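What follows is a short report on a single structure.
The values are calculated or read from the model by the stated rules, or taken from the named source; none is laboratory data. Worth saying up front: this structure is predicted, and the values here are computed from it rather than measured. Please note: Cβ atoms are built from the backbone with ideal geometry, for glycine as well, and neighbour counts cover all protein chains shown. Calculation scope for accessible area: heavy atoms of the full protein, side chains included, ligands and nucleic acids excluded. Shrake-Rupley method; radii C 1.70, N 1.55, O 1.52, S 1.80 Å.
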Amino acid sequence: TEATLAQQVDSLITAVRFGIISQVQELLTANADVLVHKMDEGGQSAVHWAAMKGNVEMLHLLHTFGAPLDKKCLQGAEMTPLHWAAKEGRIGTMRFLVQNGHDLNIQDTNGCTPYVLAAQYNKVNAVIFLWKSGADINLPDSSGDTAHHWAAYKGYSELMGLLYHI
């Protein structure tokens, strides 16, 4: 039934958020074809939550069961898991997503790439990782602002120095 499916989605998202691999494995073994494509009430997938938490083992498990790694949130700025990982500075997560084909230059509804988002949140290591992975460092958001603009606007002097040399 629809109520049972909603309960399974809630259980999956909760297990991912708390890093309970065994419960995720059990839920996906029973109903992966449906569950890996479902979003929670906030419009995020299990992959989004694993990316935000920096749980690469969980991402690998979800990916093994066919979860799409680049699905956009259904609400807000429609960010992908790579956006979430960049915002949190989760290098291992970003590496996993990029190695498995996630588009480095994907833009959310504000035109922000993961690179721009990492700069907005002063995640210097994430900026370096994305740059070295081949992200387009000159791609602006929908307002025409680049990572350089954001670093200057927010007063991130260390990041400004880095971006000057990239």
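How big is the equivalent ellipsoid of the range 91-133 along its three axes, where each semi-axis is √(5λ) from the Cα gyration tensor, reported in whole Å from largest to smallest?
Details: eigenvalues 49, 38, 11 Å².
Output for the range 91-133: semi-axes of 16, 14, 7 Å.
Please compute the net charge surrounding Glu41, taking Lys and Arg as +1 and Asp and Glu as -1 over other residues with Cβ under 15 Å from its Cβ.
Details: positive: Arg17, Lys38; negative: Glu2, Asp10, Asp40.
Neighbourhood net charge equals -1.
Summing +1 for each Lys or Arg and -1 for each Asp or Glu, what net charge is found among the other residues whose Cβ lies under 9 Å from the Cβ of Glu78? Write down the numbers at each step before the final one.
Details: positive: Lys72; negative: Asp108.
Local net charge: 0.
Given Cα pairs under 8 Å that are at least 6 residues apart, what percent is the relative contact order of the chain?
Details: 246 pairs, mean separation 24.6, N = 166.
This gives 15 percent for the chain.
How much accessible surface does Met160 have with a 1.4 Å probe, in Å² rounded to 10?
Taking all protein chains as shown, Met160 has close to 60 Å².
Report, to one decimal in Å, the Kirkwood hydrodynamic radius for the range 108-166 based on all distinct Cα pairs. Show your work: numbers first, answer last.
Details: mean 1/r = 0.0909 Å⁻¹.
About 11.0 Å for the range 108-166.
Can you find, among Thr93, Trp150, Leu130, the residue sitting farthest towards the positive end of the charge dipole of the range 74-158, where Lys and Arg contribute +1 and Asp and Glu -1 at Cβ?
Comparing the listed Cα positions along the dipole, Thr93 ranks first.
Need one number: nm distance between label points at Ser143 and Asn122, each 7 Å from Cα along Cα→Cβ, rounded to one decimal.
1.8
I need the helices of the chain that pass two filters: whole DSSP H segments spanning 24 Å or more by Cα along the axis, and mean Kyte-Doolittle score no lower than 1.0. The partial results should precede the final answer.
Numbers: long enough: none.
Span-like helices, by this rule, are absent here.
Classify the range 26-75: rounded, prolate or oblate, from the alpha-carbon gyration tensor (a ≥ b ≥ c, eigenvalue square roots; a/c under 1.5 rounded; otherwise prolate if a/b is larger than b/c)? Each step should come with its number before you reach the end.
Details: a/c = 1.82, a/b = 1.16, b/c = 1.57.
Oblate, because a/c is 1.5 or more while a/b does not exceed b/c.
Starting from the eigenvalues of the Cα gyration tensor, five times each then square-rooted, give me the equivalent ellipsoid semi-axes of the chain, largest first, whole Å. Can you show the working numbers first?
Numbers: eigenvalues 203, 45, 29 Å².
Taking √(5λ) for each Cα gyration eigenvalue gives 32, 15, 12 Å.
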